[in-house]
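What follows is calculated from the coordinates using simple rules that are stated; it is not laboratory data. Note that this is a predicted model, so its numbers are computed, not measured. Because the Cβ atoms are built from the backbone with ideal geometry, glycine has one as well, and the counts that use them run over all protein chains shown.
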Amino acid sequence: MIDACKQANRQLAIGYRCQFEPSHLKLMELARAKEFGPIQRIDAGFGFKIGDPAQWRLRQKLAGGGALMDVGIYALQACRYLTGEEPVSVIAQESKTDAVKFAEVDESIAWMMTFASGTTAYCTTSYNLNGLNHVTAMGSDGFLRLDPAFGYAGAKLETSQGKMEPSKIDQFAAEMDDFATCILENKPSKVSGQEGLKDLLAIEAIYQSINTRAIVKVERA
């Protein structure tokens, strides 16, 4: 997709709406500035209890993957944009409680990522669990947390110094405004196709780790 867009002289951006949401932007700012010391550990998770067993999300050919591809990517990307780094390696495990419903796609996955700085991230995603919707970054001098983190209604930001209330916006409107600006001004989006590729390389490493039951190095884009 990246190559095709370059050849056609077109822009490519990914629908990463959280990167336009004020609470996420503030969390990113605080983490990158090391306001609570260097980030040493991140805990993140996103999932929901999926309904209709005949829906497209549970069909490999239509969905491409299960919980990880659909909602787990939110947790994965949060770890990347909080650290400003790419994961070096991952180790992951999948679990299924319903082998029939989730015959074609993953139901629940837990994985750990390591970064060159020494930061570790522990992530979870599921298609069979409600209430999984958070990210916590723990620094040497305090913590930053979004809970809820990834829903359409927005996020709630709290730090070890207390709650914060960034402005509330329509995430999709902000995303569309940015896409339009990129087109009008002919500049690349901060959520470019290259950004999506980096997430997919980590996802491929997670699936490989599940299959091999081993630590897997993450390829570079």
Task: Set Lys96, Lys49, Lys101: member being in contact with a Pro (Cβ under 7 Å, 6 or more places away or on another chain) and surrounded by fewer than 21 Cβ atoms within 10 Å (Cβ to Cβ) - done: Lys101
Open item on the list: Kindly evaluate Thr124 against the criterion of being surrounded by fewer than 17 Cβ atoms within 10 Å (Cβ to Cβ), touching a strand residue (DSSP E or B) at 6+ places or on another chain (Cβ under 9 Å), more than 22 Å from Val191 (Cβ to Cβ) and of a type in the set (Val, Ile, Thr).
Closed with: no
Task: Residue list for the range 70-89, restricted to those being closer than 21 Å to Tyr127 by Cα and either surrounded by fewer than 18 Cβ atoms within 10 Å (Cβ to Cβ) or of a type in the set (Val, Ile, Thr) (or both) - done: Val71, Ile73
Task: Some residue of the range 172-179 being over 19 Å from Asp70 (Cα atoms) and part of a loop (DSSP other than H, G, I, E, B) - done: no
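If I filter the range 20-29 for residues that are in a loop (DSSP other than H, G, I, E, B) and either closer than 14 Å to Val135 by Cα or in contact (Cβ under 8 Å) with a residue 12 or more places away in the chain (or both), do I get at least one hit?
yes
Are any of the residues in the range 206-216 under 12 Å from Phe20 (Cβ atoms) and either touching a helix residue (DSSP H, G or I) at 6+ places or on another chain (Cβ under 6 Å) or in a helix (DSSP H, G or I) (or both)?
No, the conditions are met nowhere in the range 206-216.
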TODO: With the checklist (1) in contact with a Pro (Cβ under 9 Å, 6 or more places away or on another chain); (2) closer than 22 Å to Ala31 by Cα in hand, flag the one item Glu86 doesn't pass.
DONE: (1)
Task: Cross-chain or 6+ apart pairs with Cβ under 9 Å, the range 50-76 first and aromatic (Phe, Trp, Tyr), then surrounded by fewer than 18 Cβ atoms within 10 Å (Cβ to Cβ) - done: Trp56/Leu62; Trp56/Ala63
Task: Selection status of Ala153, exposed (fewer than 12 other Cβ atoms within 10 Å of the Cβ) and not charged (D, E, K, R) - done: yes
Open item on the list: Yes or no: the range 184-200 includes at least one residue that is free of Cβ contacts under 8 Å to residues at least 40 places away in the same chain, out of contact with any strand residue (DSSP E or B) (no Cβ under 7 Å at 6 or more places or on another chain) and closer than 23 Å to Cys79 by Cα.
Closed with: yes
Open item on the list: Considering only the range 131-145, I want to know if a residue exists there that is free of Cβ contacts under 8 Å to residues at least 40 places away in the same chain, within 23 Å of Gly37 (Cα to Cα), part of a strand (DSSP E or B) and touching a strand residue (DSSP E or B) at 6+ places or on another chain (Cβ under 6 Å).
Closed with: yes
